[in-house]
Amino acid sequence: EMAWSSGVNLCECDIAITKDGKLVLAHDENFMRLALDTNSHLAVRSIGELTLRELISLPLKSGTRPPLLIDVLRSACAISDSSKLVIEVKPGNQSAASALSRLLIRHPDLRQAV
């Protein structure tokens, strides 16, 4: 949001899918690098093994939680018609790719931000 509000039109993100099917922005397979407590049993588990509730309960160094992709796309649409998000699906992450397709089919208004 900060980048788009500052006039940057194009941002890139990686996505992962949680155990309960929520698409979140995440670069790494787990949150060891970002967790406040890197020894937490939640930090070492892969994102696909965690529910969104578990992710939210994991304190991160930034003090925030990983954002849901749908929320980021809604923000992009609200900020500007020129706010775009390049969404990277890591190789082999077929479940995230399928979930992304379903999301964009269910919410065609969000496609303008992709």
Quiz item: If you scan the range 95-114, which residues turn out to be assigned to a helix (DSSP H, G or I), touching a residue at least 24 places away in the same chain (Cβ under 8 Å) and not small (Gly, Ala, Ser)?
Solution: Leu100, Leu103, Asp109, Leu110, Gln112
Practice problem: Among residues belonging to the range 3-18 that are without any contact (Cβ under 8 Å) to a residue 60 or more places away in the chain and surrounded by fewer than 21 Cβ atoms within 10 Å (Cβ to Cβ), point out the one that is nearest to Leu42 (Cα to Cα). | Solution: Ala3
Self-check item: Positions within the range 52-94 being open to solvent by 40 Å² or more (accessible area, probe 1.4 Å), part of a loop (DSSP other than H, G, I, E, B) and without any contact (Cβ under 8 Å) to a residue 40 or more places away in the chain, in sequence order
Solution: Ser57, Pro59, Lys61, Ser62, Gly63, Thr64, Arg65, Asp81, Pro91, Gly92
Quiz prompt | Neighbours by Cβ (under 7 Å, 6+ apart or cross-chain): first from the range 30-49, closer than 25 Å to Ser98 by Cα and part of a loop (DSSP other than H, G, I, E, B); second open to solvent by 60 Å² or more (accessible area, probe 1.4 Å) and among the hydrophobic types (A, V, I, L, M, F, W, C) | solution = Asn30/Val44
Self-check item: Members of the range 103-112 found to be within 21 Å of Lys19 (Cβ to Cβ) and either modelled with pLDDT under 95 or surrounded by 12 or more Cβ atoms within 10 Å (Cβ to Cβ) (or both), listed by number
Solution: Leu103
Quiz item: Is it the case that the range 33-48 has a residue that's hydrophobic (A, V, I, L, M, F, W, C), open to solvent by less than 50 Å² (accessible area, probe 1.4 Å) and modelled with pLDDT under 90?
Solution: yes
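The values are calculated or read from the model by the stated rules, or taken from the named source; none is laboratory data. Everything numeric here is computed off the predicted structure, so don't read it as measured data. Cβ: placed from backbone, ideal geometry, glycine included. Neighbour counts: every protein chain shown. SASA here: full protein model, heavy atoms, side chains in, ligands and nucleic acids out. Shrake-Rupley method; radii C 1.70, N 1.55, O 1.52, S 1.80 Å.
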